[in-house]
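A.B. asks: Please see the structure below; I have some questions.
The values are calculated or read from the model by the stated rules, or taken from the named source; none is laboratory data. What you see is a predicted model, and the numbers here were worked out from it, not measured in a lab. FYI the Cβ positions are ideal-geometry reconstructions off the backbone, even for glycines, and counts take in every protein chain you see.
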Amino acid sequence: MIVRKLIPTLLGAAVVFTTAIILLIVLVLGLLTAPSEDASAAEEPTCTPGGGNSSAVVVPDEYQDYVDAAAKESGLSVGIIAAQLKAESNWDPKAVSPVGAKGLAQFMPATWKEFGDGGDPFNPKDAIAAQGRYMKHLKNFVKDHAKGDKNLVELTLAAYNAGPGKVKELGYDMNKINKIEETRNYVENITKAAKGDYTTDCEDPGDGGAGGDGDILKTAKHLAWDKRVQLPRSTAARHGEDAAKPEYVKASQKYNKSVTTAFFTDCGVYVATVMRMSGADKKFPLRGTTDVQLPYLTQSDKYKTFKPKSEGDLKAGDIMITPGHIYIYSGKRRSGPANTSLAASLYTRPPSGQDTYGFGSYTAARLVKG
């Protein structure tokens, strides 16, 4: 009798044990075969150094706009242009080499005469612009012989280092060109510093996540915490990364070109990321509320600007800006404090909820032309 009573119990236990083993096997197989988020992200085209998540090439803030423009002019990535400038002069606008190369981009007098457009090689704006023109010239020189983006970038860099005549003499063949040790090392060092960013003819993307459809408010809410998040003050480059929404951490590095001081708490970076990711304004300046973004908004025919007297003058998706700060009006999202706008605050706050303020002093900008 005891044995008969035990048999069903033992059978039941065996079934449970077997089921558990099967589930465990399925779970392990799933983990082994599922694509990682990093692997998926690596397949996305990007114009940023290191595939959008690297700080290998850090562009000084004062040169960011010039480097962006040079990359656009040349059709090469920001990572490549920035890595070249870093290698040439270490961002020293007064640099002079023993052989007479001058300025941030280290132009020789003859080359500067052709590509400097009458500017000053010691002026960073002139020098970086000339770098963009010269790299465009070299890229066009080799492009008909390139086999894909990677080879095009390598040939362009080789022409920069060894001279276009030498590249032509060697049949545009990197196997032969790489026998020139200095040129081989130069190409390897620049592409390594740019983390292998071979993207050419870059354009800022306008898709992904909640973006691409022109909806400013939807994208702003997607990238910011609904309630206010406050942090201890810090100027560290990646300050705010752990506290920011993961969606924002990923997007901000994709749509911006370098991680700089307290990057994930920069109000201008947040608004720029929203505008670019949403597709509402793919050319919105990357950062610089006072000197760049404010003039852009007030001088562009894309925006209607005005001084709101009260919240009733605003519409969801309006941008509020004053020298030193910028944020997005969301309209009331819920009850309680910090429920009508979304913003970051440099050094102290990742993108998150805040109250609306600044009536009479802030300028409101409303997009009227996409």
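A.B. asks: Suppose we keep only residues that are modelled with pLDDT of 95 or more and among the β-branched types (Val, Ile, Thr) within segment 274-308. Which one would you say is nearest to residue 229 (Cα to Cα)?
C.D. replies: It comes out as 274.
A.B. asks: Out of all the residues in segment 306-327, which are acidic (Asp, Glu), over 11 Å from residue 360 (Cβ atoms) and in a helix (DSSP H, G or I)?
C.D. replies: Within segment 306-327, 311 is the sole residue that qualifies.
A.B. asks: Please specify each residue of segment 304-324 satisfying the condition of being touching a helix residue (DSSP H, G or I) at 6+ places or on another chain (Cβ under 8 Å) and surrounded by 20 or more Cβ atoms within 10 Å (Cβ to Cβ).
C.D. replies: Within segment 304-324, 317, 319, 321 meet the criteria.
A.B. asks: Ok, one more. Restricting to segment 57-85, count the residues that are of a type outside the set (Gly, Ala, Ser) and more than 16 Å from residue 123 (Cα to Cα).
C.D. replies: 11
A.B. asks: A further question follows. Quick check, is residue 252 farther than 20 Å from residue 348 by Cβ, surrounded by 17 or more Cβ atoms within 10 Å (Cβ to Cβ) and either among the charged types (D, E, K, R) or not assigned by TED's automatic domain parsing to the domain that holds residue 60 (or both)?
C.D. replies: no
A.B. asks: Taking the condition of a type in the set (Val, Ile, Thr), in contact (Cβ under 8 Å) with a residue 60 or more places away in the chain and in the same structural domain as residue 296 (by TED's automatic domain parsing), does residue 328 pass?
C.D. replies: yes
A.B. asks: Exactly one condition in (1) in contact with a strand residue (DSSP E or B) (Cβ under 6 Å, 6 or more places away or on another chain); (2) surrounded by 24 or more Cβ atoms within 10 Å (Cβ to Cβ) is false for residue 267; which is it?
C.D. replies: Failed condition: (2).
A.B. asks: Would you confirm whether any residue within segment 310-321 is basic (Lys, Arg) and out of contact with any Cys (no Cβ under 9 Å at 6 or more places or on another chain)?
C.D. replies: yes
A.B. asks: Please work out which residue is surrounded by the most Cβ atoms within 10 Å (Cβ to Cβ), limiting yourself to segment 84-126 and to residues that are hydrophobic (A, V, I, L, M, F, W, C) and assigned to a loop (DSSP other than H, G, I, E, B).
C.D. replies: Filtering first and then ranking leaves 105.
A.B. asks: Another question about this same structure. Only one of 206, 165, 148 is at pLDDT below 95 and more than 18 Å from residue 68 (Cβ to Cβ). Can you tell me which?
C.D. replies: 148
A.B. asks: Which members of segment 77-90 meet the condition of being in contact (Cβ under 8 Å) with a residue 12 or more places away in the chain and either in contact with a Phe, Trp or Tyr (Cβ under 9 Å, 6 or more places away or on another chain) or over 17 Å from residue 152 (Cβ atoms) (or both)?
C.D. replies: If the condition is that a residue be in contact (Cβ under 8 Å) with a residue 12 or more places away in the chain and either in contact with a Phe, Trp or Tyr (Cβ under 9 Å, 6 or more places away or on another chain) or over 17 Å from residue 152 (Cβ atoms) (or both), then 77, 80, 82, 84, 85, 86, 87, 88, 89 are the ones that fit.
A.B. asks: Show the residue pairs that are 6+ apart or on different chains and have beta-carbon atoms under 9 Å apart, the first residue being within segment 296-315 and more than 25 Å from residue 279 (Cα to Cα), the second being aromatic (Phe, Trp, Tyr) and assigned to a strand (DSSP E or B).
C.D. replies: As it stands, the answer is 308/329; 311/329, since those pairs meet every condition given.
A.B. asks: Another question, then. Is it the case that some residue within segment 149-165 is farther than 26 Å from residue 59 by Cβ, in the same structural domain as residue 79 (by TED's automatic domain parsing) and in a loop (DSSP other than H, G, I, E, B)?
C.D. replies: Yes, segment 149-165 contains at least one residue that is farther than 26 Å from residue 59 by Cβ, in the same structural domain as residue 79 (by TED's automatic domain parsing) and in a loop (DSSP other than H, G, I, E, B).
A.B. asks: Could you look through segment 270-303, keep only residues that are outside any loop (DSSP other than H, G, I, E, B) and over 23 Å from the mean Cα position of the chain (by Cα), and pick out the one that is surrounded by the most Cβ atoms within 10 Å (Cβ to Cβ)?
C.D. replies: 303
A.B. asks: Quick one: would you say residue 244 is modelled with pLDDT under 90, closer than 20 Å to residue 327 by Cα and in a loop (DSSP other than H, G, I, E, B)?
C.D. replies: In short, no.
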